[in-house]
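The values are calculated or read from the model by the stated rules, or taken from the named source; none is laboratory data. Predicted model, so just to flag it, every value in this text is computed and none were measured. Quick reminder, even Gly has a Cβ in these numbers, built from the backbone with ideal geometry, and neighbours come from all protein chains shown.
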Amino acid sequence: MTLFRCQDNCAERGYLYAGLEFGAECYCGHKIQAINVSDSDCNMECKGEKNNICGGVNRLSIYRLELAQESARRYGSAIFRGCFRRPENVSVALLASRPMKNMSVDRCVDFCTGKEYPLAALAGSWCHCGFPTTLFTLHEREDEELCAQKCSGEEFESCGNAKYFIVYQTQVQDNRCMDRRFLTVRAKQLIALASFPGAGNTWARHLIELATGFYTGSYYFDGSLYNKGFKGERDHWRSGRTICIKTHESGQKEIEAFDAAILLIRNPYKALMAEFNRKYGGHIGFASHAHWKGKEWPEFVKNYAPWWATHTLDWLKFGKTVLVVHFEDLKRDLFVQLKRMVSLLDIAVLEDRLLCVEGQKDGNFKRSGLRKLEFDPYTPEMRQAISGYIRTVDSALKRRNLTGVPEDYYPR
């Protein structure tokens, strides 16, 4: 046990606090229902690191966590979506409502779950249920202080008020975007979903399938992905039955075989680590410590880092119609970026369906974030080389009047 391991595990699961006790125990939670005691009561060194304290006997060292943007705060099984302004017509925007005595998050979430709605919106003593729609998109989050009215039946949680709603996502699946099928009319053009390995191609396929209702295909065949529900994996990539084709190829002949492409680009530092994890741990696993510390990692970076740059350069040079999407932008603003991607596929999609995708975005195959290593795997020499590749790609994008690479590609 170390401070880092406990905080990282709690943050990855969306909790606000991490608490360490007895030198080796880690607890996660959203609220603290105990009094402060003297710091001297926390006097047990962490079992996994010297000179750091991990609580004591019946004493917790507690840390408030800074959650990454993609982390989901939770309340039990429900995901916290935020504080939002009351929609103009509540009875139209939200489909079931009920006043509650002793209002609590649990009561409202349980009520909406029972009604089989994916959203629970708390408004003081009222509980509303429904779906994300164009009338209630959940895109314009408000300051949580505007919702900070305590629940009548729960001392430590906010229940919103008549003007500002606290919203949770229940465990009920939003089925408006879950149907998937093959194209019944052969596709007029072959569209590639092109990326360097580790850049989020499988995740993007998941999003596209939810958004369009059609299966994506692949230049390869991956049985594990087929078993995860990517039924287009077994189709030949030229079958014309799938909406777009996954490919990591970067040669001129392979690129010119496609009529158009969505080119997904990701920070090379993150992409290289993700592909290394996949290579040695599978689609949702992780490489072992021995692999990171052994000869495999430096050899991998030596061979793959230059390919990260040439992959993008080749698609920009030989691709006929190329839509560039940065993985980081897709995570940050999924609705807008996915709408761009779908427009290239020439599919008319209702906005309510895209809003449904936002609630189902992770799927059941996605690795739960990059496991944070307790050391930097990149040597100064590796970083110097990768920074050069980043500058090359940035210049190539800007020469085509496209947005350059995001600033966070450069190490800080």
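Select, from Gly369, Gly359, the only residue that is at pLDDT below 95 and on the phi > 0 side of the Ramachandran plot.
So the residue among Gly369, Gly359 that is at pLDDT below 95 and on the phi > 0 side of the Ramachandran plot is Gly369.
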- Quick one: Lys302 ticks every box in (1) at pLDDT 95 or above; (2) surrounded by 17 or more Cβ atoms within 10 Å (Cβ to Cβ) bar one, so which box is it? (2)
- Message: Conditions first: (1) more than 20 Å from the chain's Cα centre (by Cα); (2) in the same structural domain as Asp110 (by TED's automatic domain parsing). Lys188 passes all but one, so which condition is the exception?
- Response: (2)
- Note on the structure: By residue number, the members of segment 214-228 that are within 20 Å of Cys356 (Cβ to Cβ) and without any contact (Cβ under 8 Å) to a residue 60 or more places away in the chain are Tyr215, Thr216
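Considering each of Ala260, Ala274 in turn, give the residue that is of a type in the set (A, V, I, L, M), assigned by TED's automatic domain parsing to the domain that holds Glu351 and either touching an Asp or Glu at 6+ places or on another chain (Cβ under 9 Å) or modelled with pLDDT of 95 or more (or both).
Going through Ala260, Ala274 in turn, the sole match is Ala260.
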- Taking segment 341-362 and keeping residues surrounded by 15 or more Cβ atoms within 10 Å (Cβ to Cβ) and in a helix (DSSP H, G or I) leaves Met341, Val342, Leu344, Asp352, Arg353, Leu354, Leu355, Cys356, Val357, Glu358, Gly359
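Out of everything in segment 310-331 that is under 25 Å from the mean Cα position of the chain (by Cα) and closer than 18 Å to Asn401 by Cα, what residue ends up being modelled with the lowest pLDDT?
That would be Asp329.
Among Gly130, Gly153, which is the only one that is crowded, with 16+ Cβ neighbours inside 10 Å, under 19 Å from Phe84 (Cα atoms) and small (Gly, Ala, Ser)?
Gly130
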- Task: With a cut-off of at least 3 residues that are under 20 Å from the mean Cα position of the chain (by Cα), name the strands (runs of 3 or more DSSP E) lying wholly within segment 69-127.
- Result: 78-85
- Exactly one of Lys31, Lys47 is touching a residue at least 40 places away in the same chain (Cβ under 8 Å), of a type in the set (Lys, Arg), farther than 23 Å from Glu374 by Cα and loosely packed, with under 15 Cβ neighbours inside 10 Å, and that one is Lys31
- Task: Give segment 280-292 a look and list any residue that's surrounded by fewer than 16 Cβ atoms within 10 Å (Cβ to Cβ) and of a type outside the set (Ser, Thr, Tyr), or say none.
- Result: Gly281, Gly282, His283, Ile284, Gly285, His289, Ala290
- Message: Restricting to segment 42-66, give me the number of residues that are aliphatic (A, V, I, L, M) and closer than 21 Å to His30 by Cβ.
- Response: 3
- Within segment 389-412, the residues that are closer than 11 Å to Asn267 by Cβ and without any contact (Cβ under 8 Å) to a residue 12 or more places away in the chain are Glu407
- Exception for Tyr269 within (1) of a type in the set (Ser, Thr, Tyr); (2) touching a residue at least 24 places away in the same chain (Cβ under 8 Å); (3) within 23 Å of Phe221 (Cα to Cα) falls at (3)
- In segment 128-140, is there at least one residue being in a helix (DSSP H, G or I) and either modelled with pLDDT under 95 or assigned by TED's automatic domain parsing to the domain that holds Phe327 (or both)? no
- Would a scan of segment 39-50 turn up a residue that is closer than 28 Å to Asp333 by Cα and assigned to a helix (DSSP H, G or I)? no
